[in-house]
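Structure record follows, encoded as structure tokens.
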Amino acid sequence: MVCLVLGPGVGSGAAVAQERHATRFSPELVRRPAVRDALAWLEANFERQQLPEWIRITGIGAPSGFEQERGAYVRRELKQEGLEVSADSIGNVIARRPGKGSGPTVVIAAHLDTVHPRGTDVTVRRDGEVLRAPGVFDNSASVANMLAVVRALNRGKIETEGDLIFIGTVQEEVGLRGMVYWLDQNPGVADMLIALDGGLGSVSYGALGIYWSRYSFRGPGSHTNASAGKPHPARALADAIRSIYEIQIPEGRGGAVCNVGMIGGGKVFNAIPEETYFTVDLRSVNPVLLDSLDAEIDSRVAQAAAAHRLQWTKEVVNREAAGGTEEMLRERRAHPVVQTAVDVYAFLGIEAPARATGSTDANAGVVRGIPAIAIGRAHGGDQHTLSEWADGPSALPATKAVLLIAVASAGLR
């Protein structure tokens with residue numbers, strides 16, 4: 001159920017003409033022997049190593065907060081590649097591939113967690129070239145892509161000017177907690193941030209603000225036989241939700257969307273419930289609009305509570321700041337990391353427009369002023385459902401893109 005408050009461009013970004021900006025990519029980079037050898041290694045080893053590893057990673061369940069087994073696997077594989085590997089107190093797996101010290105530090109992040117709870121059957125079923133399993137697309141594909149890039153860099157003996165830091169982040173699905181923690185603990189380290197997340201075919205350089213709130217109504221309750229005229233939390237809940245769905249969004253402010261995803265309350269059939277609740281997932285790229293809508297929802301909940309003589313409370317469950325509209329992020333669009341990614345995809349024959357939005361680990365960089373983008377892991381769909389699927393072969397060009405963007409951004413020695 002989605003509120004009728006959609007504006008142009010929310011989520012996927014508005015369709016706009018793409019301007020040219022400074023880039024660090026040139027086809028000449030691909031002709032360099034080390035890069036050529038690394039790309040050839042990816043091609044030669046996709047079917048026999050990367051694809052089976054992707055299936056293996058998917059089979060290691062990793063709900064948010066329970067990524068330990070998957071993290072241990074990633075840590076072991078990165079150590080075998082000779083990287084400086086560690087894990088921080090929240091569970092992020094961090095690996096550093098040193099550069100020659102004369103270039104920017106580029107962070108490449110793939111979140112380890114999935115939304116699927118423990119006990120979910122995550123066995124991959126192959127349907128031709130399609131892989132089917134919960135979590136196979138979001139975000140097991142990115143983890144496999146990241147490991148393949150590390151191996152290809154080593155096999156090609158690529159040396160970069162700047163450091164490459166690879167991070168398997170935790171708890172991305174519940175508020176980007178792993179990425180936020182790492183950035184807070186390592187201020188000034190990342191010159192650029194590249195999140196491996198989302199579908200293949202766009203470059204996100206913005207941050208979709210996400211507010212999760214739980215609203216509750218409380219009253220004395222009453223037997224059904226004596227309920228006439230009594231304060232009624234269920235009726236207040238219904239009035240509040242109906243009112244929220246009537247909110248209108250002004251034009252030209254980046255758009256917004258909200259969803260009432262959970263509703264609950266009451267314990268018996270024959271009584272007014274003493275408590276009811278509902279949740280709101282509110283999103284916009286515009287920080288001013290996001291806050292004003294949040295306040296408007298609060299006001300409508302308060303009005304519903306007052307009309308029914310009830311107490312109400314609000315629990316803030318998650319707050320992810322908005323990066324800004326396209327106009328607000330004009331300078332971010334001009335950063336070379338964005339155009340570099342667009343140009344790499346074009347070289348690979350993939351149309352991938354730049355969009356001032358995103359809902360990935362890159363958001364944590366955007367709101368901190370770090371040049372950050374999110375790039376796709378493969379083609380796929382039905383993410384966050386038991387029917388999730390991914391197109392196997394599409395992960396190869398996605399992985400090539402990661403390697404080329406990373407090397408171009410860090411600088412080839």
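The values are calculated or read from the model by the stated rules, or taken from the named source; none is laboratory data. Quantities reported herein were computed from a predicted structural model and do not represent experimental measurements. Neighbour counts run over all protein chains shown; Cβ positions are idealised from the backbone, glycine included.
Worth a mention:
- Condition broken by residue 326, with the remaining ones in (1) more than 16 Å from the chain's Cα centre (by Cα); (2) farther than 22 Å from residue 293 by Cα; (3) acidic (Asp, Glu) satisfied: (2)
- Among strands (runs of 3 or more DSSP E) entirely within segment 306-413, having at least 2 residues that are small (Gly, Ala, Ser) singles out 372-375, 379-381.
- Yes/no for residue 207 being without any contact (Cβ under 8 Å) to a residue 60 or more places away in the chain and either among the small types (Gly, Ala, Ser) or closer than 20 Å to residue 369 by Cα (or both): no
- Residue, farthest from residue 365 (Cα to Cα), within segment 96-115, restricted to residues that are surrounded by fewer than 24 Cβ atoms within 10 Å (Cβ to Cβ) and of a type in the set (S, T, N, Q): 102
- Among the residues of this structure, residue 175 counts as one that is at pLDDT below 95 and of a type outside the set (A, V, I, L, M, F, W, C).
- Among the numbered conditions (1) without any contact (Cβ under 8 Å) to a residue 60 or more places away in the chain; (2) more than 23 Å from residue 50 (Cα to Cα), the only one that residue 348 does not meet is (2).
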